[in-house]
């Protein structure tokens, strides 16, 4: 097979040591307060609210907020996030329009409705009917006006109609929408008349706002070394305890020195169907005598019956390199094309959970449109190991990614992508963006991907990014692949840069 030609990126991306201009952010991410109750968080789903409540560190909350925006970014391959800009512009407008005494406009009921549902087609105003005047039965039922104060409440009805506000109605799946808000000037407040119903609609829009679920979680760093994983049919049924651990699993945050790291790889090489592999890196000293169990629960993202649920005893891999001491557990999952949520966990010999997470898995149909594999990160390539199964072979070289997603500044980062169903190999382009949190560190506009053919209809490309200019910390690499027909796919991989030289494990 031909060799994958690995060339360096243009200088625009290599000069990462040059400080990028940081634009002033009018809405700083504050992890010291309960951000989930802020106007920025009005689009949190119920699941995301539960995840937020379980976060214990300031860094994990910052990472959560970054993921919140990235999942809703309609153009993740560009520096702008149109959804975030829209929400923040609405917050500014609400603060200017709906302020009540010391309550900022974006935190009033009217501001809440405006930020979530947008400008209505029309607003109707009427004075709320005051209480009936009290009667004096002793005086034959005559009115006794003493102490009676006429009500001053106003009811504002926000009306959304298909001819003027079609997008919000289409997202909600309703022909019209009316929301009543009672404004009480004397009490300096306003309230929703049917808060439960409005929140149901808000939850529906919150779920609709997630347009890029494959951009989470962090550390979908691709790659495992060749393994002979058992077919899924050998897995045992899930125990009640294991299922409980999986049901509570949430997407992982940024990689940290003492935290486990999960990842996945969906590749095909010259095969007719994609292969899905998942793994978990468990930090710490290896305990050779300890028995481990791997648990998996896979569901379609669009709903429906479980695709896979099972448990299997596993032994640590001896083939996958890591930058830190620890164990690596590998598992192959047999999944048909589709979009899935995979809940994964590893327990010890006493059934105590060592690590758990939820990973989104995108298994493409190789014969449909442009199929793009996972984004594999590595510190380099090696000759093909003829004793392996060829899962991670790119031509005449083999990629051995780091299971713990950690690299030192003295190394280079190599990324690799496989493609299938390519109409014109000469017209495939890639766009690159490197982010640290919400900040874009470096980017490169569309350029030829320079594909290398692996087999008929199967291609790959790989590039190198020196890490010398990067400060220690967590980073996200985005690669957008486009073909001549306008099909585009975004792939993301997360990694961690450390100052000290990396001591790669020999496996």
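The values are calculated or read from the model by the stated rules, or taken from the named source; none is laboratory data. Small disclaimer: the values here were computed from a predicted structure and weren't measured. Virtual Cβ from ideal backbone geometry, glycine too; neighbours counted across all protein chains shown.
At a glance:
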quantity	calculated
Filtered residue count, the stretch 478-490, keeping only those that are under 21 Å from residue 408 (Cα atoms) and surrounded by fewer than 21 Cβ atoms within 10 Å (Cβ to Cβ)	0
Any chance residue 417 is in contact with a strand residue (DSSP E or B) (Cβ under 7 Å, 6 or more places away or on another chain), at pLDDT 90 or above and not in a strand (DSSP E or B)	no
Test: residue 420 is closer than 19 Å to residue 489 by Cα and in the same structural domain as residue 483 (by TED's automatic domain parsing)	yes
Any chance residue 242 is buried (at least 17 other Cβ atoms within 10 Å of the Cβ) and within 27 Å of residue 49 (Cβ to Cβ)	yes
Criterion: surrounded by fewer than 16 Cβ atoms within 10 Å (Cβ to Cβ), at pLDDT 90 or above and either assigned by TED's automatic domain parsing to the domain that holds residue 282 or closer than 26 Å to residue 278 by Cβ (or both) - qualifying residue of 406, 426, 506	426
The stretch 255-273 - residue that is closer than 20 Å to residue 343 by Cα and not in a strand (DSSP E or B) and, of those, nearest to the chain's Cα centre (by Cα)	255
Test set (1) closer than 28 Å to residue 473 by Cβ; (2) out of contact with any strand residue (DSSP E or B) (no Cβ under 6 Å at 6 or more places or on another chain) - residue 357 fails condition number	(2)
Residue satisfying all of: in the stretch 276-317; touching a strand residue (DSSP E or B) at 6+ places or on another chain (Cβ under 6 Å) and over 23 Å from residue 250 (Cα atoms); surrounded by the most Cβ atoms within 10 Å (Cβ to Cβ) among these	317
Selected residue (criterion: farthest from the chain's Cα centre (by Cα)) from residues of the stretch 174-203 that are surrounded by fewer than 14 Cβ atoms within 10 Å (Cβ to Cβ), free of Cβ contacts under 8 Å to residues at least 24 places away in the same chain and not in a loop (DSSP other than H, G, I, E, B)	187
Given (1) modelled with pLDDT of 90 or more; (2) more than 17 Å from the chain's Cα centre (by Cα), number of the condition residue 122 does not satisfy	(1)
Selection count, the stretch 32-44, where residues are part of a loop (DSSP other than H, G, I, E, B), in contact with a helix residue (DSSP H, G or I) (Cβ under 8 Å, 6 or more places away or on another chain) and under 19 Å from residue 109 (Cα atoms)	3
Subset tally (residues that are modelled with pLDDT under 90 and touching a helix residue (DSSP H, G or I) at 6+ places or on another chain (Cβ under 6 Å)) for the stretch 475-501	1
First in the stretch 361-387 and in the same structural domain as residue 409 (by TED's automatic domain parsing) and within 21 Å of residue 488 (Cβ to Cβ), second anywhere and modelled with pLDDT of 90 or more and exposed (fewer than 14 other Cβ atoms within 10 Å of the Cβ), Cβ under 9 Å, 6 or more apart	363/336; 365/336
Residues (touching a strand residue (DSSP E or B) at 6+ places or on another chain (Cβ under 9 Å) and under 18 Å from residue 100 (Cβ atoms)) located in the stretch 185-197	185, 188, 189, 190, 191, 192, 193
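One line per residue, one yes/no per condition, for (1) at positive phi; (2) surrounded by fewer than 20 Cβ atoms within 10 Å (Cβ to Cβ); (3) touching a strand residue (DSSP E or B) at 6+ places or on another chain (Cβ under 8 Å); (4) modelled with pLDDT under 90:
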{"position": "20", "(1), (2), (3), (4)": "no, yes, yes, yes"}
{"position": "23", "(1), (2), (3), (4)": "no, yes, no, yes"}
{"position": "76", "(1), (2), (3), (4)": "no, no, yes, yes"}
{"position": "82", "(1), (2), (3), (4)": "no, yes, no, yes"}
{"position": "94", "(1), (2), (3), (4)": "no, no, no, no"}
{"position": "102", "(1), (2), (3), (4)": "no, yes, no, yes"}
{"position": "107", "(1), (2), (3), (4)": "no, yes, no, no"}
